[in-house]
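Notes follow the structure.
The values are calculated or read from the model by the stated rules, or taken from the named source; none is laboratory data. A quick note: this is a predicted structure, and the numbers were derived from the prediction, not measured. Positions of Cβ are backbone-derived with ideal geometry, glycine not excepted, and every protein chain shown enters the neighbour counts. Accessible surface is based on the protein model in full, side chains and every heavy atom, while ligands, DNA and RNA are left aside. Shrake-Rupley method; radii C 1.70, N 1.55, O 1.52, S 1.80 Å.
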Amino acid sequence: MKKAIITGITGQDGSYLAELLLSKGYQVHGMVRRSSTETFERIQHLVDDVTLHQADLLDQSSMTRLVSDVRPDEVYNLAAQSFVPTSWKQPVLTSEFTAVGVTRVLEAIRHVDPGHIRFYQASSSEMFGKVQETPQKETTPFYPRSPYGVAKVYGHWITINYRESYGMFCVSGILFNHESERRGKEFVTRKITDGVARIKLGLSRELRLGNIDAKRDWGFAGDYVRAMWLMLQQETPDDYVIATGETHTVEEFLDIAFRSVGLDWKKYVVQDPAFMRPAEVDLLLGDPTKAKTRLGWTPELSFEQLIQQMVQADLTRVRRQINHPTTKAA
């Protein structure tokens, strides 16, 4: 039986990846930080099937101890300070988690079993930032436009460095935006679908957003974790862009989300300067050709299906809150 460690198991991607690995017969170990408030909503249905360990990307000894105790076949590093706007408010903390934290995981693997353990690093399309070519592929130069993007570039290159310096099986998945009903409500996609549900059910009258002209390549998180797993099953380690190859504006996302409940977004959406980024990323569009040809990976859920699925999930959740006000909803 294969064993895997997932850092960031309580996040959107971590929960979907844990489900996937369990379905393939893995023994799944999740890393969680010590906290006075535990947020396990996304993996509540998995807690009996996974083993959780306390460790911290800020603490080298805890990471090394975790890897040594579990002796995994695979490590998926999904943990990070991943909300872009917060990275301007907390740039140093973002760097510690999202950049240097990667090195701590790699060092733990190098000290425990560098010849056997395979490592996946969650890289990001935000590394492309002010894009140097469209669409963006594995060889496109990086030009990050946020402390988060800069930190992800470090994490990406340190992964390549350990692969080339120590012969370790290390890969990076340059994932473009991927969403689901498990996405945090601070992200624009989930903010929209939650807002649509609340407006439809009469709990809100408006939705305040920043730049609705920004273009993104959006896919379904459940599809993207499949690509993570496929990368670690190859004979040789390499890096891959994971994307749909389609780009859509935030306005298009709004239109589909509101239309799915019979509403016109223009009557409810207010553009608020408070939600504008100091340095905007205007256009992200990935070229997944390499992943499709080498990994045999293709996304299964369409852009429209993704939005409709998210809206329906939020409608169900908000209705449950209305009917059972004391029930805590994820």
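Using the structure shown, decide if A99 is among the aliphatic types (A, V, I, L, M) and in contact with a Ser or Thr (Cβ under 9 Å, 6 or more places away or on another chain). Taking the combined requirement at face value, the residue does not satisfy it. Note on the stretch 18-51: residues that are among the charged types (D, E, K, R), closer than 21 Å to W229 by Cα and open to solvent by 80 Å² or more (accessible area, probe 1.4 Å) total 2.
Please state which one of A122, A108 is in a strand (DSSP E or B), surrounded by 22 or more Cβ atoms within 10 Å (Cβ to Cβ) and in contact (Cβ under 8 Å) with a residue 24 or more places away in the chain.
A122
For the condition closer than 17 Å to V32 by Cβ, more than 20 Å from the chain's Cα centre (by Cα) and open to solvent by 60 Å² or more (accessible area, probe 1.4 Å), Q54 qualifies.
Among the numbered conditions (1) closer than 30 Å to P72 by Cα; (2) surrounded by fewer than 20 Cβ atoms within 10 Å (Cβ to Cβ); (3) of a type in the set (K, R), the only one that R182 does not meet is (2).
Hey, any hits in the stretch 253-267 for a residue that's open to solvent by less than 10 Å² (accessible area, probe 1.4 Å), under 24 Å from T139 (Cβ atoms) and touching a Phe, Trp or Tyr at 6+ places or on another chain (Cβ under 6 Å)?
Here is the first cut: in the stretch 253-267, the residues open to solvent by less than 10 Å² (accessible area, probe 1.4 Å) are 253-254, 257-258.
Within this subset, residues satisfying the condition of being under 24 Å from T139 (Cβ atoms) are none.
Looking through the stretch 253-267, none of the residues is open to solvent by less than 10 Å² (accessible area, probe 1.4 Å), under 24 Å from T139 (Cβ atoms) and touching a Phe, Trp or Tyr at 6+ places or on another chain (Cβ under 6 Å).
In the stretch 88-101, the residues that are closer than 11 Å to P147 by Cβ reach residues that are assigned to a helix (DSSP H, G or I) and among the hydroxyl-bearing types (S, T, Y) with C-beta atoms within less than 6 angstrom, at least six apart or across chains, in these pairs: T94/S87; T94/Y148; A99/Y154. Looking for something under 19 Å from W265 (Cβ atoms) and either in contact (Cβ under 8 Å) with a residue 24 or more places away in the chain or crowded, with 22+ Cβ neighbours inside 10 Å (or both) - is there at least one such residue anywhere in the stretch 135-148? No, the stretch 135-148 contains no residue that is under 19 Å from W265 (Cβ atoms) and either in contact (Cβ under 8 Å) with a residue 24 or more places away in the chain or crowded, with 22+ Cβ neighbours inside 10 Å (or both). Quick one: in the stretch 125-134, which of the residues that are in contact (Cβ under 8 Å) with a residue 60 or more places away in the chain and in a loop (DSSP other than H, G, I, E, B) is most open to solvent (accessible area, probe 1.4 Å)? The selected residue is K130.
Can you confirm whether Y16 is closer than 22 Å to F176 by Cβ and not in a helix (DSSP H, G or I)? Judged against the criteria, Y16 is not a match. Screening N161 with (1) surrounded by fewer than 22 Cβ atoms within 10 Å (Cβ to Cβ); (2) in contact (Cβ under 8 Å) with a residue 40 or more places away in the chain; (3) more than 16 Å from A313 (Cα to Cα) gives one miss only, at (2). Taken over the stretch 221-240, the criterion of being part of a helix (DSSP H, G or I) and either more than 20 Å from I307 (Cα to Cα) or of a type outside the set (A, V, I, L, M, F, W, C) (or both) is satisfied by G222, D223, Y224, R226, A227, M228, W229, L230, M231.
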